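The values are calculated or read from the model by the stated rules, or taken from the named source; none is laboratory data. Bear in mind the structure is a predicted one, so any value in this text is a computation, not a measurement. We place every Cβ from the backbone using ideal geometry, glycine too, and count neighbours over all the protein chains shown.
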Amino acid sequence: MTVVTRFAPSPTGLLHVGNLRTALFNWLFARKAGGRFVLRLDDTDAERSRPEFADAIRRDLEWMGLDWDQELRQSERMDLYRARAEALRGQGRLYPCWETPDELERKRRLRRMQGRPPIYDRAALALDEDERARLGAQRPPHWRFLLEHRREGWDDLFLGPREVDAASMSDPVLIREDGQFLYTLCSVADDADLGVTHVLRGADHVSNTAVQMQIFRALGAEAPVFGHHALLTGPGGAPLSKRLGGLSLADLRAQGVEPMALASILARLGGAAAPEPRLSLRELIAEFDPAAFGAAPAAFDPADARAMTARILRLTPYEAAAPALAARNADLGPRFWETVRENVASWDEAAAWARILREGARPDVAPEDRAFVAEALALLPPRPWDETAWKRWTDAVKAASGRKGRALFMPLRKALTGKGSGPDMSRLMPLMQGPAPRPEDVSAD
């Protein structure tokens, strides 16, 4: 059996890290099994679906390195859904209803007052032909799937054995009054048609599984193996959403977060092992195991992604770093990267160091240190500087001024680089190409 998984986002907004985690899990599962990964755009909601969001989804997945073997759009598959709906009608499993939203809400309130579950009472099934004709002349119906009142069980990839009683659920609406096919029908029809074997998705879909298993059976198709991973929350425990600022992939990319930093975190967050930096998706494929994850929600903090990016950059060899550096006009060679990579948390920070080395820096000198720094700059060794230059300079300044420790080193570092922290100065000075500050640049007015 060829394993087939799918990622099925709705192009109604930007992907956030919760969506990405689902995509990553499905991709890892398929690739580990040597199977196929399908991108399906669930765009049947014509009012909210936008081409620019579909483009952004593709762009985000490509940025992450998650390739797909097939792409399809539900908006182009209406003939399939009409055929499947007709098959369900022929079996008596899809029936018309005419209640308005207000009528349904009144029924739910009444059932709650009576201490009964607020599920649909199947009143439409009791209508005779005349009543149906009368209501049909007034407005088009919506269509519900007739559930079998039985317990549906499955062995969940993440959660283990699970069971849902379909008798506790309303017959789901599969087609709206305006004729729009809803997610439940389209998803099952597509999964069956594409031969999807495994569906990995968020735990908020657990109750959907019982309904979908019955629709698969009604269509004469075998249900896939389901797995429901715990949901992610934001740093404060709030649910993630497309409208939650700062957690979209576009936002994280703009913050300098690396795709492998996200993948390294999301592939383990909520699991038995703590996230560790990984330099390739191949490493994550080998490690991925749905059974290793717990059922409790896990919090995602963008600060962790930035910290993981810094860890990944420290591990990245020059050969892998060169394209990113070159794209930012920051490729000053292997020696530069070996010098700065321990002290940067993004490629943009590396590029900032490249500019300092090429062009020089504006000295950052406290007023009380101006006279000291001006005298120190007069003692700078002549160029070219080698790895002994920093020690020779600071030894000379120490002897002349009597300063030592932080009071000696910090003003000199900030005079040369404009920064209070950074790479080892003995390694940095030989890479400096720009003009060094002069005593008159920092002396007191």
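Of all residue pairs spaced 6 or more apart or on separate chains, those with beta-carbon atoms under 7 Å, a first member in segment 411-431 that is assigned by TED's automatic domain parsing to the domain that holds W393 and a second member that is at pLDDT 95 or above and polar (S, T, N, Q) are L412/T394; G422/N343; P423/T339; P423/N343; R427/T339; L428/T339; L431/T339. The criterion of at least 1 residues that are surrounded by 16 or more Cβ atoms within 10 Å (Cβ to Cβ) and under 35 Å from the mean Cα position of the chain (by Cα) is met by the following helices (runs of 4 or more DSSP H) wholly inside segment 66-157: 78-90. Quick one: in segment 30-54, of everything that is part of a helix (DSSP H, G or I) and of a type in the set (A, V, I, L, M), which residue is nearest to T184 (Cα to Cα)? Among those residues, the one meeting the criterion is A54.
When you scan segment 237-249, do you find a residue that is of a type in the set (S, T, N, Q), at pLDDT below 95 and crowded, with 20+ Cβ neighbours inside 10 Å, even just one? Yes, some residue in segment 237-249 is of a type in the set (S, T, N, Q), at pLDDT below 95 and crowded, with 20+ Cβ neighbours inside 10 Å. Exactly one residue out of R383, R358, R341 is at pLDDT below 95 and charged (D, E, K, R), and it is R383.
Cβ-Cβ distances below 7 Å connect no pair with a first residue in segment 366-391 that is outside the structural domain of G420 (by TED's automatic domain parsing), a second residue that is surrounded by fewer than 19 Cβ atoms within 10 Å (Cβ to Cβ) and modelled with pLDDT of 95 or more, and a separation of six or more residues or different chains. For segment 201-238, a residue qualifies if it is farther than 30 Å from L252 by Cβ and among the aliphatic types (A, V, I, L, M), and the qualifying residues are A210, V211, M213, I215, A218, L219, A221, A223, V225.
Scanning segment 161-168 for any residue that is of a type in the set (A, V, I, L, M), free of Cβ contacts under 8 Å to residues at least 40 places away in the same chain and either in a helix (DSSP H, G or I) or in contact with a His (Cβ under 9 Å, 6 or more places away or on another chain) (or both) turns up at least one such residue. Between A272, A203, A263, A230, the distinction of being crowded, with 21+ Cβ neighbours inside 10 Å and farther than 22 Å from L94 by Cβ belongs to A263 only.
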